[in-house]
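Some notes on the structure that comes next.
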Amino acid sequence: MPKNKTLKIIGGIYKGRNLQMAPLEVTRSSKAILKESLFNTLNVGIVGAYFVEFFAGSGSIGIEALSRGAEFAVFCEQNNKSFAVLESNLKNICDSKKYRLILGDTFHLYPSILEFVKSPCIGYIDPPFSVRENMQDIYQKCFAMVEKLDNAVFKCVVLEHETNLEIPKSIGAFTHLKTKCFGKSALSYFG
C-alpha cells in the first residue's frame, strides 16, 4: 500500500512535524503560501481563540491553529478516508485533547458544531472547489451557512475559494473585509 504524501506544520509548537495528506481524489491541501498568509493575517488573534475547520480534510489548517496557540479546535469532515487521516494526524501530533472530531456533512452538522465553541471563535471554510463534480452550488451553500453563524461568537470567518468567485460585500451579520489571491486560490475574510 503506497504511503500518503506529507506536509509540514509551518509554525508554532508543532513546527516541522509531518502531517499525512488525505487522498487527493477526495481533498486538496491548502498551499503553504496561502497557509502562511492566513496565519500572518490572524496573527495573535489565534492565541486563546476557538477554531473551527468546517471541511477539515487532513486537518492541516486546524492543527496549525492549535500549534500557534488556539485554545480548542473543532474539525468536521464527511469523507471516511480523509477522516481516518485527520484522526491519525491529531493523535500523532497534538499532545492534548484540545479538539473535537465530527464525522459527517458540514452543512447538516454545523449547528451541533457550535455547541463546542465559545467566543472568540474563528471559522475556516475550505469546501471542495465548484469545478468538481456535483459541487456547482457549493459556495451558495457556504454563504447560507455563514449567514446563520452568530457573529457574537465568530469574530472572523475565512473562506478559501477559487480566485474568480464573486464575493458578496456582506453575508448576514458579517462584512467582507478583504480578499487575498494566490494563483487559482484565494482567501476572503469576513468579520
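Which residues, taken from the stretch 145-191, are touching a residue at least 24 places away in the same chain (Cβ under 8 Å) and farther than 27 Å from Gly48 by Cβ? Within the stretch 145-191, His161, Glu162, Leu165, Pro168, Phe182, Gly183, Ser185, Ala186 meet the criteria.
Scanning the stretch 77-87 turns up at least one residue that is in contact (Cβ under 8 Å) with a residue 12 or more places away in the chain, basic (Lys, Arg), in a helix (DSSP H, G or I) and farther than 22 Å from Thr41 by Cα. Of the residues making up the stretch 41-58, those that are over 15 Å from Gly123 (Cβ atoms) and either open to solvent by less than 20 Å² (accessible area, probe 1.4 Å) or free of Cβ contacts under 8 Å to residues at least 60 places away in the same chain (or both) number 5.
None of Phe116, Phe72 is over 16 Å from Pro127 (Cα atoms) and modelled with pLDDT of 95 or more except Phe72.
Return yes or no: is Lys141 in contact (Cβ under 8 Å) with a residue 60 or more places away in the chain and either at negative phi or in contact with a Gly (Cβ under 8 Å, 6 or more places away or on another chain) (or both)? Taking the combined requirement at face value, the residue does not satisfy it. Restricting attention to the stretch 137-164 and to residues that are open to solvent by 40 Å² or more (accessible area, probe 1.4 Å) and among the hydrophobic types (A, V, I, L, M, F, W, C), the residue that is farthest from Phe116 (Cα to Cα) turns out to be Ala144. The set of residues in the stretch 95-121 being closer than 16 Å to Ala49 by Cβ and among the hydrophobic types (A, V, I, L, M, F, W, C) consists of Ile113, Leu114, Phe116, Val117, Cys121. Any chance the stretch 62-69 includes a residue that's surrounded by 21 or more Cβ atoms within 10 Å (Cβ to Cβ), among the charged types (D, E, K, R), modelled with pLDDT of 95 or more and closer than 28 Å to Gln140 by Cα? Yes: one or more hits.
The values are calculated or read from the model by the stated rules, or taken from the named source; none is laboratory data. All of these numbers come straight from a predicted model, not from anything done at the bench. A quick note on method: Cβ atoms are made from the backbone with ideal geometry, for glycine too, and the neighbour counts reach across all protein chains shown. Ligands, DNA and RNA are stripped out before the accessible areas are found, and what is left, the full protein with its side chains, is counted by its heavy atoms. Shrake-Rupley method; radii C 1.70, N 1.55, O 1.52, S 1.80 Å.
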